[in-house]
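These notes are about the structure you will find just below.
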Amino acid sequence: MVAKRALRVAGLTGSAALLAAAGGATWYYAGRMTEPAHRRPAAPLDRDRVEVFDAGLPGADPLSGGRGHLHLVGTDAARHGTWGLRWDDGYARVGNPIRATGEGRRVSVDGASAVRPVELLTGNLPEDGARALFDPWAAPDDPTLLGLAVEEVEVEGPLGPMPAWWFPAAAEQDRGLTAILVHGRSGTRRETFRHVAPMVAAGVSVLSISYRNDGEAPPSPDGRSHLGATEWADVAAAGDWALANGARSLVLAGLSMGGACVSEALRRDPDLRPHVAGVILEAPVLDWGPVLRSAAVQRGLPAAALPLLLPPTMALAGARARIDWRSLGSFEDLVETPLLLIHGDADVTVPVELADALAEALPDQVTYLRVEGAAHLTAWNVAREQVETAVTTYLAALTS
């Protein structure tokens, strides 16, 4: 009897410990869901680290604004596409490898090595052996280096002034259409730079905005990201600013969580919707459930534990931050204008199946560019010409 009682007590104790652990995990991850991303900047990934050497090839001098070549050595040095390259006192943009090899004396442990064209954008070229990092945004922090007219402005938002960059289209091209670019949860305004030049060339002015809790705009009163549920008001304020400064119609362009911000702005602001001529979404968060499941798996949580942990975690996070998960990010009942949708099929952050479902649900309104081999928000890197052509073609149709 004593032994049985001891076993029962041990079982109850184990169950209590399991419940306590589950409760603690729920509380912790509910907090992480709405923690502003800039508070925990991600460490550079090993695959983004390279050593840089002079390629020893004849050609133009990058220091004088031309294009030369660099020899990069690192795990993923030969990755396909157009990428930024950042080092201590400089920034460049590198193109597709012209030679990828594991031969020679300058190779990494696994033999990854590539010679790539380079365009120096700021600073000085690194010395041989210098360490650098691949950067997917492929643009330095200074917007003047895009070679376009640009003005730093402030959009008056519900919580105070929000910094923004205003790229006006040339006067002879201006057709009164302004694109409002909304970055993702872990990004900044620089994340949107890739889309600015093609838009301005198409005669569309661009307003690249900050919004609450991104480290630039004023924080929300609780200091929490609301994943679009309150950030939408900042997008709406940007629309008001553009309309007050000469825009006759708007294109709302949301990247990743920026897509959820755009959807909520359309849903909640009836005064904004009549002015929206089009919507562009890149890797948008259309349903937070699959996105959070993917994030949990990447953080090492066992897939078998997710049905137990995720529902109460989302419920707690939603209660804390006043988030209605059922509608947040959904476009099926919102889109009354043509929509351009861009998504990479190798995205493990925001599953591409969400975009697939939207394109299937709205076949007459959605133009869908599904980019093979592109990870989260790297469609432009992998298929720059395709993406820029899709954007300019879409905008031309809106203004014709």
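The values are calculated or read from the model by the stated rules, or taken from the named source; none is laboratory data. All values reported here derive from a predicted model rather than from experimental measurement. Note that each Cβ is placed from the backbone with ideal geometry, even for glycine, and that neighbours are counted across all protein chains shown.
Quick notes on this one:
- Within region 350-397, the set of residues being in contact with a helix residue (DSSP H, G or I) (Cβ under 8 Å, 6 or more places away or on another chain), small (Gly, Ala, Ser) and in a helix (DSSP H, G or I) comprises just one member, ALA379.
- Every residue from region 135-160 that is within 28 Å of PRO221 (Cβ to Cβ), touching a Pro at 6+ places or on another chain (Cβ under 6 Å) and part of a loop (DSSP other than H, G, I, E, B): LEU159
- Filtering THR349, THR389 for residues that are among the β-branched types (Val, Ile, Thr) and within 25 Å of THR34 (Cα to Cα) leaves a single hit, THR349.
- Helices (runs of 4 or more DSSP H) fully within region 245-334 counting 3 or more residues that are more than 26 Å from ALA397 (Cα to Cα) and of a type outside the set (Ser, Thr, Tyr): 288-298, 306-321
- Filter pass, ASP214 being crowded, with 22+ Cβ neighbours inside 10 Å, farther than 20 Å from VAL276 by Cβ and of a type in the set (Asp, Glu): yes
- Scanning region 373-400 for residues that are among the hydroxyl-bearing types (Ser, Thr, Tyr) and in contact (Cβ under 8 Å) with a residue 24 or more places away in the chain yields THR378, THR392, TYR394, THR399.
- Among the residues of region 199-211, those that are out of contact with any Lys or Arg (no Cβ under 8 Å at 6 or more places or on another chain) and surrounded by 20 or more Cβ atoms within 10 Å (Cβ to Cβ) comprise MET199, VAL200, ALA202, SER205, VAL206, LEU207, TYR211.
- Test: residue in region 14-35 that is more than 30 Å from PRO307 (Cβ to Cβ), assigned to a loop (DSSP other than H, G, I, E, B) and modelled with pLDDT under 90: no
- When we screen ALA359, ALA321, ALA375 for residues that are at pLDDT 80 or above, surrounded by fewer than 22 Cβ atoms within 10 Å (Cβ to Cβ) and within 19 Å of SER186 (Cβ to Cβ), the only hit is ALA375.
- Residue match in region 317-336 (condition: under 22 Å from ALA139 (Cβ atoms), among the small types (Gly, Ala, Ser) and free of Cβ contacts under 8 Å to residues at least 40 places away in the same chain): no
- Scanning region 378-400 for residues that are among the charged types (D, E, K, R) and either buried (at least 24 other Cβ atoms within 10 Å of the Cβ) or under 16 Å from the mean Cα position of the chain (by Cα) (or both) yields one hit, ARG384.
- With respect to being farther than 27 Å from GLU388 by Cα and touching a residue at least 12 places away in the same chain (Cβ under 8 Å), ALA242 falls outside the description.
Residues checked against (1) touching a Pro at 6+ places or on another chain (Cβ under 6 Å); (2) under 21 Å from SER225 (Cβ atoms); (3) not assigned by TED's automatic domain parsing to the domain that holds GLY203; (4) not hydrophobic (A, V, I, L, M, F, W, C):
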residue	(1), (2), (3), (4)
THR313	no, yes, no, yes
LEU316	no, yes, no, no
ALA321	no, yes, no, no
ARG326	no, yes, no, yes
ARG370	no, no, no, yes
VAL387	no, no, no, no
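- Residues located in region 215-239, provided they are touching a strand residue (DSSP E or B) at 6+ places or on another chain (Cβ under 6 Å) and assigned to a loop (DSSP other than H, G, I, E, B): GLU216, ALA217, PRO218
- If you go through region 130-170 and keep only what is β-branched (Val, Ile, Thr) and in contact (Cβ under 8 Å) with a residue 12 or more places away in the chain, you end up with VAL150, VAL153, VAL155.
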